[in-house]
Amino acid sequence: MNAEEKDLQINPVVPENVVHNTKTITDIRSLTSSIFGIAAGILGLESYSGFIFYLLGSFIVSVMMVVFIAGGKPQNYFRSASEIWTTEVFSGSSLSSFILTWTLFFGLLRA
Amino acid sequence: MATVQAQTILRDPQLFYWILFPITAVMVLTGVLRHYATVLMQSDPKKQELNAISEQRNLLRGVNLRTNHNQIPLSSFIARKNYLVAAYNRGDFLKDPENKGKPPANPMTDPAGMDQMMNMLKGNMAMMVPQTLIMGWINAFFSGFVIMKLPFPLTLRFKSMLQSGVATRDLDVRWVSSLSWYFLNLFGLRSIFTFILGNENSADQMSQQMQQMNPAGGNAMFTPGQDPNKMFLAEAENLEVVGGQHEWVLDGVVDRLLKSTV
């Protein structure tokens, strides 16, 4: 048994908790990304500025999650420190729901 | 040389009320319907016979002992292992011990296997039927004109797909017909369903398709058609192998504890 395995045995990872933590992030991301889409559509952002808006918004949400939900210590809740920053940002349903609401509100208000 | 002007198309606002909102509403409602249909169609797990459960649980017990063997002292592990391996090799836990050497029964005739297959079929139906219907509906009623402009540019490659039925050569790819709004809904509504139906919903088509691509879920233990006796023998062998690498996790715990507190 090498050192890494031994460490995992001493500090075991409970899969249910990992799932729950990821679910918390996913819920927040899907809610906020739809709202960002609405905002971007109302602002009339196009192409790159819209995606930059999304990235900035996700970053702010990540900061808020680190501060308010993880209490400043994301390493207590996630195995890798980057997880809280990147989960669901570039893939998954959040980006597509951002595009959906963005397109909808852009179409309704601008185009 | 004049600068390239952005194309603008004047569209009737009625397009939004009669196309955009109906499609969205239909997509959302189909998702909700699919969720409840899946919930209703799920047949309860059948009550199993006592010896079938005993077979499964005793195999699981071996698996659990193997995965958690480091949590107990070596002597306890050896005692459990010896008992389980002996019982496995004798075939004590088999559902029908007289069937030991025979080839497994045909899964099609096994009622438990049939049940599983019916469930899979139901899930497939619940997914395929609405998808085909909505696609046909949109193609029949709403093709042939553009309804909206995307807020981001796309390459020309998408033109034939997104502007289906609009045979205009110079139209910007950003103008799209209703079929692309359908696709956007298909991908983007997943998080909306999360608000409406909660996290464990089965409304989304995309996630279901992904689940079907890797069915390596937890319940693959007793796939019909597998010989339980062989599984028991394999598990006995695994236990023997693991026994050689046993290392109790509480070894040296005193040192670790003192080191962490001081």
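The values are calculated or read from the model by the stated rules, or taken from the named source; none is laboratory data. As the structure is a prediction and not an experimental result, all values here were calculated from the model. Neighbour counts are summed over all protein chains in view; Cβ atoms, including those assigned to glycine, are modelled from backbone coordinates with ideal geometry. Surface accessibility is based on the protein's heavy atoms, side chains included, excluding ligands, DNA and RNA. Shrake-Rupley method; radii C 1.70, N 1.55, O 1.52, S 1.80 Å.
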Using alpha-carbon coordinates, inclination of helix A:93-109 to the longest axis of chain A, degrees: 10 degrees
In whole percent, what relative contact order does chain A give with Cα contacts below 8 Å and a gap of six or more residues? 43 percent
Hey, got the average number of other protein chain Cβ atoms within 10 angstrom for residues in B:233-244? 0
Averaged over residues of B:183-190, the number of beta carbons from other chains lying within 10 Å of each residue's Cβ is 6
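Which whole number gives the average count of other chain Cβ atoms within 10 Å of the Cβ atoms across peptide B:149-157? Don't skip to the end; give the middle numbers.
Details: counts 6, 8, 19, 11, 3, 1, 0, 0, 0.
Mean partner-chain Cβ count within 10 Å for B:149-157: 5.
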Rough spin-label spacing in nm, given labels placed 7 Å along Cα→Cβ, for B:L33 and B:Y17: 2.5 nm
At a Cα cut-off below 21 Å, give the lysines reachable from B:K122, other chains included and same-chain residues fewer than 8 away excluded. B:K46, B:K47
What lysines could a cross-link reach from A:K23, if we take a straight Cα to Cα line under 27 Å and drop same-chain neighbours fewer than 8 places away? A:K73
Excluding residues on the same chain fewer than 8 positions from B:K230, give the aspartates and glutamates whose Cα lies under 20 Å from its Cα. B:E55, B:D92, B:D96, B:E98, B:D110, B:E240
How much net charge surrounds B:W175 when only other residues with a Cβ under 15 Å from its Cβ are counted (Lys, Arg +1; Asp, Glu -1)? +2
Rank these by accessible area, largest first, 1.4 Å probe: B:K46, B:K259. B:K259, B:K46
Net charge of neighbours whose Cβ lies under 15 Å from the Cβ of B:L50, counting Lys and Arg as +1 and Asp and Glu as -1: 0
Among B:17-28, B:245-256, how do they line up from the highest to the lowest mean number of other beta-carbon atoms within 10 Å? B:17-28, B:245-256
With label points set 7 Å from each Cα along the Cα-to-Cβ direction at B:L156 and B:M231, the distance between them in nm comes to 5.7 nm
